[in-house]
Amino acid sequence: HLSLRRQRQMCIRDRVITDTEEPMDRDLDFEKKLIRNQLGINTKIVTYVYHGNREELIDVIHDADGILTSYLNFDAELLEKCSHLKTISIEATGYNNINLQVATNLNIGVSVIQEYCTEEVSDFVVFSMMAMNKQLKYFINQSDVKKLYTFKIGKSIRRLSDSTCLLYTSPSPRDPKT
């Protein structure tokens with residue numbers, strides 16, 4: 001008798017890591033190691049850089065049972081062409097590139113990785129709010145582009161202690177009550 005893990009490996013199809021050129025232009029060894037640690041050292045992993053040829057993309061992923069991606073758009077047509085697909089894991093924040101209704105109807109699980117730049121995104125948002133409040137873009141343009149070194153502008157800069165800040169997050173696609 002074969003072990004349960006070996007039986008799963010025998011019926012599991014390719015794993016595909018695919019995306020557009022920019023997110024694929026990096027070392028993917030960490031992702032491959034993680035997949036193989038979970039599914040076995042001999043798990044076949046295909047990497048494919050998508051350059052806009054949809055038929056070629058379909059040819060690569062149509063038989064896969066797992067896809068790891070960041071920004072590729074998985075619309076209804078593409079999902080329906082992937083007859084063996086069980087899961088899509090997203091290496092980004094959000095589900096906006098996946099047609100969740102169709103994925104659900106086709107029993108395709110969709111998940112984001114556990115942590116993806118949460119602190120970095122938060123830092124960037126707070127820094128951007130402060131930069132806008134202090135009008136840093138205006139001052140950088142004045143000094144670096146126009147070579148003007150004046151600190152007088154048309155409107156006053158508000159102190160953060162005199163300001164009210166609102167952070168808005170969009171509702172979760174998994175929980176419409178949020």
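The values are calculated or read from the model by the stated rules, or taken from the named source; none is laboratory data. Quick caveat, the model's predicted, so the values are computed rather than measured. Cβ placement follows ideal geometry from the backbone for every residue including glycine, while neighbour counts extend to all protein chains displayed. For accessibility, only protein heavy atoms count, side chains too; no ligands or nucleic acids. Shrake-Rupley method; radii C 1.70, N 1.55, O 1.52, S 1.80 Å.
For residues that are among the β-branched types (Val, Ile, Thr) and either open to solvent by 100 Å² or more (accessible area, probe 1.4 Å) or part of a strand (DSSP E or B) (or both), tally how many sit in the stretch 96-124.
3
So, restricting to helices (runs of 4 or more DSSP H) that lie completely within the stretch 13-82, which ones have at least 2 residues that are in contact with a Leu (Cβ under 6 Å, 6 or more places away or on another chain), open to solvent by less than 30 Å² (accessible area, probe 1.4 Å) and at pLDDT 90 or above?
Passing ranges: none, list empty.
Could you tell me which residue of the stretch 143-160 is modelled with the lowest pLDDT, considering only residues that are closer than 14 Å to Met130 by Cβ and open to solvent by 100 Å² or more (accessible area, probe 1.4 Å)?
Out of the qualifying residues, it is Arg158.
Taking the options Asn97, Asn107, name whichever one is of a type outside the set (Phe, Trp, Tyr) and more than 26 Å from Asp25 (Cβ to Cβ).
Asn107
Would you confirm, using the coordinates I've provided, whether Tyr138 is free of Cβ contacts under 8 Å to residues at least 40 places away in the same chain and not charged (D, E, K, R)?
yes
I'm checking my understanding of the structure. Among residues of the stretch 38-95 that are of a type in the set (S, T, N, Q) and closer than 14 Å to Thr20 by Cα, which one is nearest to the chain's Cα centre (by Cα)?
Top of the filtered list is Ser70.
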